[in-house]
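The values are calculated or read from the model by the stated rules, or taken from the named source; none is laboratory data. Note that the structure is predicted; figures quoted are calculated from it, not measured. All Cβ positions, glycine included, derive from the backbone under ideal geometry; neighbour counts span all protein chains shown. With ligands, DNA and RNA removed, areas are computed over all heavy atoms of the protein, side chains included. Shrake-Rupley method; radii C 1.70, N 1.55, O 1.52, S 1.80 Å.
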Amino acid sequence: RREGEPMTEPYSRAYVRWAMFVVFLVAVFNVVDRMVVSILATSIQDDLGLTDSQLGLLLGPSFAVVHFVAILPFAWLADRTARRSIIAAGLFVWSAMTALGAATHSFAALFATRMGVGIGEAAGSPPSASLLTDTAPPELRARALASLTLGALVGIGVGLVAGGALAQA
């Protein structure tokens, strides 16, 4: 651009809003699984005959430690490759692991699938934030990043309601 000319935006407002919506949905699904498992913890414990220690390992370290370790490499990768591909791959992995977890019949298998969910979900947040930061113009950037946080909050609510309905059923 020439000096004095207004800067043109690389993406249309419609595209930015679409990106915000997609990231919002990814954030919702990223958190729903965690809430459903928490609500169904007692039912899972009874169904699989788990000890309190095993249940604690399922609700905490199986997911959180792996997620914590995996999030930094995914952030590094998001700075160097196509973020939408990382997000899509993560969504596939955590969805597949969630489905496999529903079909497990042992502590070890459920622990492994929860680890897989942690890895898949770690691929969601850093690339989403980076994608929104690069896509949204400065005057929309705070709202764009808020869509990520809002999606997580909506995911908590949806997960708790869905988990309660599943527990009731």
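Any idea what the alpha-carbon Rg over 2.2 N^0.38 Å comes to for the stretch 44-144? Don't jump to the answer; show the numbers that get you there.
Numbers: Rg = 16.3 Å, N = 101, 2.2 N^0.38 = 12.7 Å.
Compactness ratio reported: 1.28.
Please return the longest stretch of the chain lacking exposed loop sites, where trypsin sites (Lys or Arg not before Pro) count only if DSSP places them in a loop and at most 16 other Cβ atoms lie within 10 Å.
81-169
Provide T98, T135, T51 ordered by accessible surface of protein heavy atoms (probe 1.4 Å), highest first.
T51, T98, T135
Would you tally the net charge around W94, using a Cβ to Cβ cut-off of less than 9 Å, leaving W94 out, and scoring K and R as +1, D and E as -1? Display every interim value, and only then the final one.
Details: positive: none; negative: D33, E121.
That sum, taken over residues with Cβ under 9 Å, equals -2.
Where does the chain land at 222 nm, in deg cm²/dmol rounded to the nearest 500, when only DSSP H runs of n ≥ 4 count, each adding -39500 (n - 2.57), divided by all residues? Mind showing how you got there, number by number?
Values: 8 runs with 139 residues, N = 169.
Dividing the helical sum by the residues of the chain leaves -27500 deg cm²/dmol.
Considering every Cα-Cα pair within the chain, what fraction, in whole percent, is farther apart than 25 Å?
Everything past 25 Å amounts to 38 percent.
Where Lys and Arg each count +1 and Asp and Glu each count -1, what net charge lies around A64 among other residues with Cβ under 10 Å from its Cβ? Intermediate results must be reported in sequence, preceding the final value.
On the way: positive: R34, R114; negative: none.
It works out to a net charge of +2.
Taking Cα pairs under 8 Å and at least six residues apart, what relative contact order does the stretch 44-169 come out at, in percent? Write down the numbers at each step before the final one.
On the way: 117 pairs, mean separation 35.9, N = 126.
Dividing the mean separation by the residue count of the stretch 44-169 yields 28 percent.
Hey, what's the stretch 67-122 come to in accessible area per residue, 1.4 Å probe, Å²?
Working: 3120 Å² over 56 residues.
For the stretch 67-122, the per-residue accessible area is 56 Å².
Taking only complete DSSP H runs, can you tell me which helices of the chain stretch 18 Å or more along their own long axis by Cα positions and average at least 1.6 on the Kyte-Doolittle scale?
Numbers: long enough: 13-39 (39 Å, 1.49); 61-78 (24 Å, 1.79); 83-102 (28 Å, 1.08); 107-122 (22 Å, 1.08); 138-168 (46 Å, 1.12).
Helices meeting the criterion: 61-78.
Magnitude of the Cβ-charge dipole of the chain, K/R +1 and D/E -1, about the Cα centre, nearest 20 debye?
For this selection, approximately 460 debye.
Just the number, please: carbon plus sulfur as a percent of the accessible area of the stretch 1-141, 1.4 Å probe, no ligands or DNA/RNA counted. Before the final figure, lay out each step's value.
Working: 5300 of 7970 Å².
Its accessible area is 67 percent carbon and sulfur atoms.
When a/c is below 1.5 the answer is rounded, else prolate if a/b is larger than b/c, else oblate, so apply that to the stretch 10-80 with a ≥ b ≥ c taken from the square roots of the Cα gyration tensor eigenvalues. Walk me through the numbers before you get to the answer.
Numbers: a/c = 6.52, a/b = 2.01, b/c = 3.24.
Oblate is the answer for the stretch 10-80, as a/c is 1.5 or above yet b/c matches or exceeds a/b.
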